[in-house]
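Nothing in this text is a laboratory measurement; each read-out follows from the coordinates by a stated rule. This structure is a prediction, so every number in the text was calculated from the model and none was measured. For neighbour counting, all protein chains shown are included, and Cβ atoms are generated from backbone atoms with ideal geometry for every residue, glycine included.
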Amino acid sequence: MPLLDVQNLTAYYTIKRGSVKAVENVSFSLEEGEAMGLAGESGCGKTTVALSLLGILPVNGKIVRGKILLKDTDITKLSEKELREKIRWNAVSLIFQGAMNAMNPMYSVEDQIVEAIKTHDSSITKKKAKERIAKLFEMVGLEPERARNYPHEYSGGMRQRAMIAMALACNPSILIADEPGTALDVIVQAQVLKLMTELRKRLNLAMIMISHDLSIISETCDKLAIMYAGKLVELGDVLTMFKKPVHPYTQGLIAAFPGIYTPKQEMKALPGSPPNLLNPPKGCRFNPRCPYVMDICKKKTPELKEVSKGHYVACYLAKK
Amino acid sequence: MTETVIKVENLKKWFDVKMGFFKTLTSKQKLFVHAVDGIDFEITKGKILGLAGESGSGKTTTGRVIMRLLEPTSGKIFFKGKDITHLDADSMRPLRRQMQIVFQDPYESLNPRMTVSDIISEPMKLQGITDEKEVEERVNIILEDAKLIPPGEFIFRYPHELSGGQRQRVATARAFVLNPEFVVADEPVSMLDASIRAEILQLMLSLVKKYKTSFLYITHDLALARHVCDDIAIMYLGEIVEQGTIDQVIFESLHPYTRALMKAVPDPDPSSKRIEVVIKGEIPSPVNPPPGCRFHTRCPSYIGDVCKKVKPKLIDVGKGHLVACHLYSGKSKKK
């Protein structure tokens with residue numbers, strides 16, 4: 001049985017003009033210690049999926065349908081109190097996008113992590129929490145003495161490390177990282193990604209890496225899921241996805257990432273832009289941009305089908 | 001012989017460090033941020049030079065100083081052989097027609113109160129092209145070049161009605177509308193989604209080709225630079241550490257910093273998990289840069305005192321491949 005099993009997750013945001021269909025029928029599963037990349041353009045619902053897994057959608061957001069099974073518990077059915085005490089941080093934790101701004105500048109880093117630990121584990125004493133922070137800091141490669149510093153005294157890379165320490169504070173089994181590399185320099189980014197990969201192996205963490213940069217995912221993950229306009233369009237292991245992408249969107253996205261050692265080439269791009277999710281196109285949501293569009297694509301939504309073992313595609317062109 | 005369009009010589013830009021009143025009284029020396037600290041390069045007609053490095057290495061400052069948006073501290077800037085380092089605003093104005101810049105953030109670089117047509121025609125009006133018919137015609141042509149088709153649908157829109165990619169197209173159109181000789185693009189795609197990046201770069205490349213513009217492409221993304229530039233210069237803490245054609249620098253990287261950068265670039269090919277971290281720590285403060293070679297504090301191939309004390313010169317190791325590192329000090333091919 002998988003550690004995490006997301007079934008037909010559908011989440012909408014209500015705004016004045018209607019409901020934004022941010023995530024629709026997304027299903028995937030994650031084994032213990034497995035790393036999955038979640039990629040797609042901005043606004044495709046990657047972050048909404050992450051927020052749903054922790055039950056922290058904004059007030060106007062709602063999970064309309066679907067189940068999120070964590071071992072046996074359906075997270076979508078839990079109360080706020082149960083979520084706080086059992087799920088958030090103790091089972092699933094999140095490294096927020098933009099480490100630069102994710103910390104409160106008015107508190108020392110230590111105080112913020114103590115707060116996080118105490119919120120999710122009320123029995124722990126402050127002293128014990130601090131001891132734990134010292135251990136965490138060593139694990140992520142920061143000097144434990146630096147815990148008493150304020151966020152502005154940290155460099156970008158150090159803040160990202162502190163965020164990772166904070167995320168690991170209550171021994172979660174799943175770590176979600178939302179764009180962990182953006183806003184960092186290549187070298188620092190490489191350091192952080194390496195650290196995350198090491199920690200994942202050492203702690204047997206399952207990880208969901210959200211990024212629009214496919215090369216980051218290819219370096220760090222086992223599986224890759226591609227989202228387009230709120231839908232999962234293709235899912236499979238990283239190697240298959242990069243070597244034999246089936247969905248035209250995945251193909252386009254991969255072609256938009258030239259490797260540094262590949263011969264100089266004309267960069268290919270996907271023409272057009274993603275649809276408005278208040279009123280997404282009928283049928284396959286990718287049909288207005290798809291180079292291979294057929295009649296059926298405009299009428300019926302393609303289901304996610306297994307084309308080879310563990311490789312799922314939602315496209316009428318996909319053949320078994 | 002191809003014409004040199006832009007040339008900089010020993011260009012420096014230092015910023016004052018702002019200190020409190022009492023600190024100014026008590027501190028013995030004035031502190032400076034050595035943002036750009038003595039760089040030389042030139043760009044010939046129709047060529048694309050990439051300028052790469054980590055944040056804080058002085059890439060953006062270099063771009064702005066060349067455009068004379070910032071005053072250089074010392075050094076010289078030549079535009080088509082003419083020294084423009086100290087020209088005043090009035091004498092610069094006619095030259096601005098030939099030098100343009102595309103900024104990083106298309107969400108901030110376009111005036112939200114102006115329509116697309118106003119934005120694109122403004123540089124023409126400033127340059128004294130007032131014939132409305134000509135202005136309109138040029139706006140239409142450049143919008144078509146920028147693939148904002150049909151132009152009629154875009155000219156009356158405001159920036160908030162455009163997507164990020166379309167905004168950057170407008171910014172690009174604005175830069176190219178006067179057929180400039182030289183364009184600086186400061187991380188033009190770093191704020192955009194990966195899928196649109198290629199598209200915008202392709203657009204810039206086609207305009208560069210069409211108008212034979214010389215192009216300075218400032219970036220931190222080496223993988224993209226590989227497919228955009230003819231030549232590339234790698235900057236570290238305000239200095240150029242390696243320079244050459246893109247193939248020389250990427251396939252035959254010499255400087256330990258360039259090598260480290262290359263190894264840190266994530267590769268989209270999953271069969272080669274070769275991300276490697278060879279250097280520790282982050283870029284030191286440019287207020288008090290390390291003496292000798294500025295990279296010695298992080299260098300994996302540190303060879304002793306010479307690195308700490310002597311500043312390595314940028315030398316030619318053959319075929320115009322320049323490197324500033326003591327490892328290669330005996331291998332100069334040119335004086």
Summing -39500 (n - 2.57) over every DSSP H run of at least 4 residues in chain A and dividing by its residue count gives a helix-only mean residue ellipticity at 222 nm, to the nearest 500 deg cm²/dmol, of -8000 deg cm²/dmol
Residues B:Ser253, B:Ser74, B:Ser121, A:Ser122 in order from fewest to most other beta-carbon atoms within 10 Å are A:Ser122, B:Ser74, B:Ser253, B:Ser121
Looks like the range A:39-160, by Cα gyration tensor root eigenvalues a ≥ b ≥ c and the a/c under 1.5 rounded cutoff (else prolate when a/b is bigger than b/c, oblate otherwise), is oblate
If every Lys and Arg gets +1 and every Asp and Glu gets -1 at its Cβ, then about the Cα centre the protein assembly as shown yields a dipole, in debye to the nearest 20, of 520 debye
By the C-alpha gyration tensor axes a ≥ b ≥ c (rounded if a/c is under 1.5, else prolate when a/b exceeds b/c, else oblate), the shape of the range A:145-204 is oblate
About its Cα centre, the range A:81-160 carries a charge dipole, from +1 on Lys and Arg Cβ atoms and -1 on Asp and Glu Cβ atoms, whose size in debye to the nearest 20 is 280 debye
Ranked on Cβ counts within 10 Å of their own Cβ, fewest leading, B:Cys325, A:Cys284, A:Cys290 go A:Cys290, B:Cys325, A:Cys284
Checked against the positive end of the charge dipole of the range A:14-137 (+1 on Cβ of Lys and Arg, -1 on Cβ of Asp and Glu, about the Cα centre), the farthest of A:Ile124, A:Gly61, A:Ala39 is A:Gly61
Mean-square fluctuation maximum in Gaussian network of chain B, Cα pairs under 10 Å, restricted to B:Leu70, B:Leu143, B:Leu322, hits B:Leu70
One finds the C-alpha centres of the range B:8-83 and the range B:128-155 to be spaced, in Å, by 35 Å
If A:Phe286, B:Phe182 are placed from fewest to most neighbouring beta carbons inside 10 Å, the sequence is B:Phe182, A:Phe286
Taking Cα pairs closer than 8 Å and at least 6 residues apart, the relative contact order of chain B in percent is 20 percent
Mean Cβ-within-10 Å packing, highest first, puts peptides B:235-244, B:60-69 in the order B:235-244, B:60-69
Once the in-chain neighbours fewer than 8 apart are removed, the lysines whose Cα is under 18 Å from B:Lys308 read B:Lys280
With DSSP loop assignment and no more than 16 other C-beta atoms within 10 Å, the trypsin sites (Lys or Arg not before Pro) in the range A:28-133 are A:Lys71
The farthest towards the positive end of the charge dipole of the protein assembly as shown, of the residues B:His220, A:Met1, B:Met124, given +1 on Cβ of Lys and Arg and -1 on Cβ of Asp and Glu, is A:Met1
With DSSP loop assignment and no more than 11 other C-beta atoms within 10 Å, the trypsin sites (Lys or Arg not before Pro) in the range A:1-33 are A:Lys16, A:Arg17
Summing +1 per Lys or Arg and -1 per Asp or Glu among the other residues with Cβ less than 10 Å from B:Ile39's Cβ gives -2
Too long for a 23 Å Cα-Cα cut-off, among A:Lys62/A:Lys231; B:Lys80/B:Lys212; A:Lys231/A:Lys319; A:Lys71/A:Lys130; A:Lys244/B:Lys147, are A:Lys71/A:Lys130; A:Lys244/B:Lys147
Looks like the protein assembly as shown, by Cα gyration tensor root eigenvalues a ≥ b ≥ c and the a/c under 1.5 rounded cutoff (else prolate when a/b is bigger than b/c, oblate otherwise), is oblate
Loop-resident chymotrypsin sites (Phe, Trp or Tyr not before Pro) in the range A:66-169 with no more than 16 other Cβ atoms inside 10 Å, DSSP not H/G/I/E/B, are A:Tyr107
Averaged over residues of A:249-261, the number of beta carbons from other chains lying within 10 Å of each residue's Cβ is 5
Once the in-chain neighbours fewer than 8 apart are removed, the aspartates and glutamates whose Cα is under 12 Å from A:Lys126 read A:Glu110, A:Asp111, A:Glu115
Averaged over the residues of B:185-198, the number of partner chain Cβ atoms within 10 Å of each residue's own Cβ comes to 5
Candidates B:Ala233, B:Ala264, B:Ala89; GNM for chain B (alpha-carbon contacts under 10 Å) flags as most fluctuating B:Ala89
The size of the Cβ-based charge dipole (Lys, Arg +1; Asp, Glu -1) of chain A about the Cα centre, to the nearest 20 debye, is 900 debye
Over chain B, the sum of -39500 (n - 2.57) across DSSP H runs of at least four, divided by residue number and rounded to 500 deg cm²/dmol, gives at 222 nm -9000 deg cm²/dmol
